[in-house]
Structures are given as structure tokens and as C-alpha cells.
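The values are calculated or read from the model by the stated rules, or taken from the named source; none is laboratory data. On a predicted model such as this, the values are computed, not experimentally measured, just so you know. Every residue, glycine as well, gets a Cβ built from its backbone with ideal geometry; the counts of neighbours run over all protein chains shown. Heavy atoms of the whole protein, side chains included, go into the accessibility calculation; ligands, DNA and RNA do not. Shrake-Rupley method; radii C 1.70, N 1.55, O 1.52, S 1.80 Å.
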Amino acid sequence: MHIFRLLGRLSSFQIIVLSFVFLIGAGALLLMTPLATQNGQGATPMAALFTAVSASCVTGLTVVDTASYWSFFGQCVILLLIQIGGLGVVTMAVAITMGAGMHVSLMQRSTMQDAISAPQIGGIVRLLRFILKFTASVELFGALLLMPVFVRDYGWAQGSWMAFFHSISAFCNAGFDLMGPRGGGSLMAYAADPLVNLTIMGLIVAGGLGFLTWADLSVNRFHWRNWSLQTRIILLMIAVLIFVPAITFYMQENMGTSSAMHFWQALFQSVTTRTAGFNTMDIEDLSEGSRCIMIILMLTGGAPGSTAGGIKTTTAFTLFMTMFAVLRMRDDVACSSRRIPMETVRQALAIFMMYLFLFFGTSICIGFLDHASMFDAMVEVSSALGTVGLSIGLTENLCPFSKCLLMFLMYFGRVGALTMIYALHRRRKAAPCCLPAGKITVG
């Protein structure tokens, strides 16, 4: 009873923040049990906590090899954390409530609305049913496509498990893999396999588009005039952020002094860099220009209400449209004959500045504490903050404090900047009158 009274005093944003803390804690405890590791001795507290944070926040950064260090039970725990973290703890809790035949309370509906960034509370249960069916269908379809390749290479038992593991990991944009030393790291052994590449890319994009986008598309299909403004923005940004960086990667790596990159690898790198964390080539072999593009893509992330992290594509779009409005001397920020509310513009600016501060601040700290180059630290930090999971091999060699910084960034990137703000400060009522304006010169 005391727990329910406490939950009643918390806002929906505070419940979201605390739910991920609970999930991480439970996952870390399970990973510390002897059943979770291959040697039967249990994981160290740091390895267990870091892995639990990375899996719950669907990032993919690791301090131990997933395939060789964790047992089948440990891998099952990691996959469960990925699935719950990808869909959201609140979403899974409401789904369990519905599965048990219990009534979904107004507080649960309101919390879930904030968790998936739904525009209204009405129809939230119907939306949840769509999310669960869509997730199960896509993950099962992805596993069936991957199964022939993995069964051929690893046998029926292990191959089937790997197909399901990588399908869920890709859809949830987690980036965890079970390839181990045999696979050469992530999906590098399948760099020339079109089926694996297309399937993984399709799963990553499907998870990164956001459930609200898919719900809109399922209703309006190809009648693009009926799509919401957010759906149009997300699809436009996804297309731009996939093909423009892919062409840039391909041209830069093949015209430079580094090793040649096939267009499949360039396209895969463009898709996975923003959210997922799989890779089909060694990041250390990329030129500095390509790694700069990777950092930008990792910080951008996916769509709101998706399994991806980052500042979100809609935030980046709002910032660009704000810049264009200022350059054109327009008072309103507009798109598709619609005005973007000033509150949205302020939120986008606040989110961008928070990410920028955390990105540079943490990169400087890690570079100083671990004597790492600033560029390498920026790659790891942007990967954690955008919940991507790509690494140049620096994470496992960091000091405990630097690892804690990365864990906080992964948590912050998954929960979201606005959720953290609203969880720490309840909204205040607007002041009855405006303060006098003060003249400040900028530019």
C-alpha cells in the first residue's frame, strides 16, 4: 500500500525515470549471479552494472565480450533487458496489466502517454496493442530472415538463438551481438552478405522510425497528404540522414588514403551509426572526416517515441527550420504551411544545449582522466549519449569513474532530456504578467 501511495505522489516523468533505475538494478543483480557467466563465478559489480545499463538503455557499449563472457542465462537476461528497455518499462508494465485482464488506470494511461510521446491520452490502450503486435511481427520476421545464414554457420540450436537475439537487438537499436572473436567483431564477418545487411538495416530503421510514425502509416497508408506533420518530418529526415552520409562515407573513404569501402558498407554504416551500434568494418580504419560524420549522426539519433536515443530527428529539424526562419527574417518557424509552436522551438534549443554541454564536458573529463585523445573520447561519448554502442575499443580500458560517466550518459540518452527536466522540476504556472524586456545584442 505504501508503494502505491508513493507512486500516486510521483509525476509520470518521475515514474519513467525511476522505472529505468529499477530495471537496471534488477538486471545488474541477475548478471552478478553465478548462472550468468561462463566461468560460473558471476560477473564483477562493474561489469554487471555497465552491461545492465547498456542493455536497458539499448546502447551496446560493453566492457566484456557478450558471446564469450556471459552464459546462455546471462545472454537471456541481456536480451530481456534490451526488449524491455527498447519498448519502455512503463509500456511493458501496462502490457502485463492488460495481459492479466486488469483495468488500465488513468495514471497508467497518462504515464504511458508521456513514455511514448503520444499526442493524446485517448486511444492509448489501442496504440499499445498496435505496438506489441508490430514489435512481435517485425522481430519474428527479422529472425526468420536471419535464421538460414546463422543456422548454416552455427548449427540449428545456436544459429536459431543468434537469429532471434540479433533481430531483437537490431529492432531495439541496441547493437549487442553474439559473434565473439570468431565473427571478427560485430557483423564484420557478414560485411558482404546482402541478406544480413538488408535485414539488420531494415530492423534498425523500423525501430528508429518510432511507433507513432508506424501507427500513422498503418492508418493512412500511402495517402501522404493525410500523414501528420511529424510523420512527414521524420520520414524526410530519415531519408536525408541515411543516403547523404552514405554517399559521403563512400566518396571520402574511396578517394582518401584509407582502405576502400564498398557502398553496402557505407550504407550500413550510415544506418547503424545513428542508433544501433552494429558495424561491418573496423571504425579505427575510417578517416577522421568519416568519424566526424559518425559523431554528428550518433548525437542526432532516431525519432521520438522510438527505440532510438539521441537528440531526435524532429529536434534537429526544428533547429534547422529555426535557423532558416531567422535568415529569412521571419517571425514564425513554419513547415508545410504549419507554424511550429515557440514552446517546441525553446525545447529543441534546450535539448541541443544540454547534449552539447554533456558531450564536450564528458569528452574533456575522459580525455583528462584516461589520457586518451580528445577525438577518441568524443567518439565514445557520442556513442553513449546517443545510445548507439559503436566503439573504437576505448570503453573497456577506461577508469571506473569514466565508466560511470558513460553509464550516466547512456541513461540520460535513453530516458531523454525533457523527461529528466520534467522529472526534476514540476511545471510551474505561468506568471500573471510579463517582465519588462531587456535589450541584449547578439551576433
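List, please: which pairs have Cβ atoms under 6 Å, are six or more places apart or on different chains, and start with a residue in the stretch 349-375 that is free of Cβ contacts under 8 Å to residues at least 40 places away in the same chain and end with one that is assigned to a helix (DSSP H, G or I) and open to solvent by 70 Å² or more (accessible area, probe 1.4 Å)?
From the stretch 349-375, the pairs are 367/374.
Quick test for you: out of 77, 63, 90, 53, pick the one residue that is touching a helix residue (DSSP H, G or I) at 6+ places or on another chain (Cβ under 8 Å), hydrophobic (A, V, I, L, M, F, W, C) and more than 22 Å from residue 176 (Cβ to Cβ).
Within the list 77, 63, 90, 53, the selection yields 90.
Could you pull out every one of the helices (runs of 4 or more DSSP H) wholly within the stretch 1-108 that has 3 or more residues that are among the hydroxyl-bearing types (Ser, Thr, Tyr)?
Answer list for the stretch 1-108: 45-56, 66-69.
Output the residues belonging to the stretch 259-271 that are farther than 15 Å from residue 392 by Cα and of a type outside the set (A, V, I, L, M, F, W, C).
Result: 259, 262, 265, 270.
Being open to solvent by less than 10 Å² (accessible area, probe 1.4 Å), modelled with pLDDT under 90 and of a type in the set (Val, Ile, Thr), is that true of even one residue in the stretch 197-210?
No, the stretch 197-210 contains no residue that is open to solvent by less than 10 Å² (accessible area, probe 1.4 Å), modelled with pLDDT under 90 and of a type in the set (Val, Ile, Thr).
When you look at residue 112, is it open to solvent by 30 Å² or more (accessible area, probe 1.4 Å) and either over 20 Å from residue 16 (Cα atoms) or in contact with a Gly (Cβ under 9 Å, 6 or more places away or on another chain) (or both), yes or no?
For residue 112, the condition - open to solvent by 30 Å² or more (accessible area, probe 1.4 Å) and either over 20 Å from residue 16 (Cα atoms) or in contact with a Gly (Cβ under 9 Å, 6 or more places away or on another chain) (or both) - is not met.
Based on this model, can you work out whether residue 390 counts as touching a helix residue (DSSP H, G or I) at 6+ places or on another chain (Cβ under 6 Å), open to solvent by 10 Å² or more (accessible area, probe 1.4 Å) and in contact (Cβ under 8 Å) with a residue 24 or more places away in the chain?
So residue 390 does not fit the description; no.
Find the residue count for the stretch 38-62, including only residues that are on the phi > 0 side of the Ramachandran plot and crowded, with 23+ Cβ neighbours inside 10 Å.
Total satisfying the criteria: 2.
If I ask for residues that are of a type outside the set (Asp, Glu) and surrounded by 13 or more Cβ atoms within 10 Å (Cβ to Cβ), which ones from the stretch 124-139 would you list?
Correct list: 124, 125, 127, 128, 130, 131, 132, 134, 135, 138.
Tell me the residue from 164, 222 that is assigned to a helix (DSSP H, G or I), among the aromatic types (Phe, Trp, Tyr), open to solvent by 10 Å² or more (accessible area, probe 1.4 Å) and on the phi < 0 side of the Ramachandran plot, please.
164
Exactly one condition in (1) assigned to a helix (DSSP H, G or I); (2) in contact with a Lys or Arg (Cβ under 9 Å, 6 or more places away or on another chain); (3) free of Cβ contacts under 8 Å to residues at least 40 places away in the same chain is not met by residue 121; state its number.
Every listed condition holds for residue 121 apart from (1).
If I ask for residues that are more than 16 Å from residue 390 (Cα to Cα) and in contact (Cβ under 8 Å) with a residue 60 or more places away in the chain, which ones from the stretch 192-207 would you list?
Result: 192, 194, 197, 202, 203, 205, 206, 207.
Can we say residue 349 is assigned to a helix (DSSP H, G or I) and open to solvent by 50 Å² or more (accessible area, probe 1.4 Å)?
Criteria met by residue 349.
Residues in the stretch 27-37 that are within 21 Å of residue 90 (Cα to Cα) and either β-branched (Val, Ile, Thr) or buried (at least 16 other Cβ atoms within 10 Å of the Cβ) (or both): how many?
Selection size over the stretch 27-37: 3.
I'd like to verify a number: residues in the stretch 297-310 that are modelled with pLDDT of 90 or more and either on the phi > 0 side of the Ramachandran plot or in contact with a Phe, Trp or Tyr (Cβ under 8 Å, 6 or more places away or on another chain) (or both), how many?
Result for the stretch 297-310: 1.
Scan the stretch 322-337 residue by residue and report those that are loosely packed, with under 10 Cβ neighbours inside 10 Å and over 24 Å from residue 228 (Cα atoms).
Listed by number, the residues that qualify are 327, 328, 329.
When you look at residue 267, is it under 17 Å from residue 282 (Cα atoms) and open to solvent by less than 70 Å² (accessible area, probe 1.4 Å), yes or no?
Yes.
Among (1) open to solvent by less than 60 Å² (accessible area, probe 1.4 Å); (2) under 28 Å from residue 273 (Cβ atoms), where does residue 80 come up short?
(1)
Pick from 231, 273: which is over 15 Å from the mean Cα position of the chain (by Cα) and open to solvent by less than 30 Å² (accessible area, probe 1.4 Å)?
231
Give me the residue from the stretch 352-373 that is loosely packed, with under 14 Cβ neighbours inside 10 Å and among the aliphatic types (A, V, I, L, M) and, out of that set, nearest to residue 420 (Cα to Cα).
353
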